[in-house]
Amino acid sequence: MGSTPPLSLYVHTPWCVRKCPYCDFNSHEPTGGELPETDYLDALVRDLEFDLALADGRELVSIFIGGGTPSLLSPAFYRRLLREVNARLPFAADIEITLEANPGTTEQARFDGYREAGINRLSIGTQSFQSAQLAALGRIHSADEAIRAVSQARTAGFDNLNIDLMHGLPGQTPELALADIDQALALGPEHLSWYQLTLEPNTAFHSRPPALPEEEALWDIQEQGHERLTRAGLSRYEISAYASASS
Ligand SMILES: C[S@@+](CC[C@H](N)C(=O)[O-])C[C@H]1O[C@@H](n2cnc3c(N)ncnc32)[C@H](O)[C@@H]1O
Ligand code: SF4
């Protein structure tokens, strides 16, 4: 029998301000009022208790809080969440705790609170820095808000950041895709996720597909984008994931 792999925890938060037309993740617009933070946290803890035996005495090396839009939930929610998890599972001394944050849902005090709660890495969902592409994707934020979110994250003390970018977007030329990469690189992220847009079943884009770049343009975007990312010192370790040596 082989040895057990390192233990990681994924925590999902299912709410978003608005559903993006390309997204097939488990994410929903709230039905109104405050998000039910206490009920949701109690449910997460019960869920963890069900699976606890599978941990088999291992310590947690990483926690990823994804969504949905985790940055809609308060620092107090994450303080209690991490306390509850840590009461049941030991944390490795160098545990990495990531939270996905959407531009347009963040502010300095919130990032400060996340850092104080014990989160030590943010993944900022930027997608593009061009207003035409952000509008086509139904995003709720501008490019400036995305840039500001990165700067607020640094001010809060996050020294480990990911930026999510997408490419192959409606109306996108290779030049625009490369401009997005250049802008992302200028922000100095330790990690960059660079996903080609896919039309997923059960999304608005699947039922009403937008005009996407032709095959040849997609190929140029792939080739030139990959070259630019690696030249900037990021190395690809998965199909869409690029990391700097420090991350
Ligand atoms: C869990 S999702 C969403 C994170 C966050 N809610 C946001 O939108 O910024 C993580 C990433 O997957 C990518 N993604 C989502 N749907 C996609 C699609 N249909 N095609 C390609 N990438 C997609 C986006 O880059 C997104 O930031
Ligand atoms: S904000 Fe993220 S998770 Fe929410 S609908 Fe848009 S892509 Fe999906």
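See the values below:
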{"read-out": "Estimated FRET transfer efficiency when R0 is 30 angstrom, pair Glu223-Arg88 (beta carbons, to 0.05)", "value": "0.05"}
{"read-out": "Inter-probe distance in nm under a simple model that places probes 7 Å from Cα toward Cβ, at Glu200 and Glu59", "value": "3.4 nm"}
{"read-out": "In order through the stretch 65-82: 3J(HN,Hα) via Karplus (6.51 cos²θ - 1.76 cosθ + 1.60), integer Hz, x for Gly, Pro", "value": "9, x, x, x, 10, x, 6, 7, 9, 7, x, 4, 4, 6, 4, 5, 4, 5"}
{"read-out": "Antiparallel DSSP beta bridges within the chain, percent to nearest 5", "value": "20 percent"}
{"read-out": "Förster radius 22 Å - calculated FRET efficiency between Thr230 and Glu175 (Cβ-Cβ, nearest 0.05)", "value": "0.70"}
{"read-out": "Reciprocal mean inverse distance between Cα atoms of the stretch 100-206 - Kirkwood radius, Å", "value": "14.3 Å"}
{"read-out": "Within the chain, helix-based [θ] at 222 nm, where runs of 4 or more DSSP H residues each add -39,500 (n - 2.57), nearest 500", "value": "-11500 deg cm²/dmol"}
{"read-out": "Cysteines without a disulfide-compatible partner [the chain; Cβ-Cβ under 4.7 Å]", "value": "Cys16"}
{"read-out": "log10 of Debye I(q)/I(0), alpha-carbon scatterers only, for the stretch 7-243 at 0.09, 0.13, 0.15 Å⁻¹", "value": "-0.40, -0.84, -1.08"}
{"read-out": "Gain on full stretching of the segment that runs from Ser247 to Lys19 - 0.36 nm per residue minus C-alpha separation", "value": "79.0 nm"}
{"read-out": "Label-point separation, Ala43 to Glu107 (7 Å along Cα→Cβ), nm", "value": "2.7 nm"}
{"read-out": "Per-residue HN-Hα couplings for the stretch 179-193 [Karplus 6.51, -1.76, 1.60; θ = phi - 60°; Hz; x = Gly/Pro]", "value": "5, 4, 5, 4, 5, 4, 5, 4, 8, x, x, 6, 8, 9, 9"}
{"read-out": "Protection-proxy order for peptides 14-27, 50-63, 166-179, each taking the mean of Cβ atoms within 10 Å per residue, highest first", "value": "166-179, 14-27, 50-63"}
{"read-out": "Sequence-distant residues sharing a close amide H with Ser62 (under 5 Å, placed H)", "value": "Leu9, Glu96"}
{"read-out": "15 Å reach of a label modelled at Tyr237, 7 Å along Cα-to-Cβ, counting backbone N of the stretch 159-198", "value": "160-163, 190-194"}
{"read-out": "Binned Cα-Cα distances of the stretch 32-103, short to long, each 10 Å bin given as a whole percent", "value": "17, 51, 28, 5, 0"}
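Throughout, read-outs are computed from the coordinates displayed, never taken from laboratory work. Nothing here was measured: the structure is a model prediction, and the numbers come from that model. Note: ideal-geometry Cβ built from the backbone for every residue, glycine included; neighbour counts use all protein chains shown.
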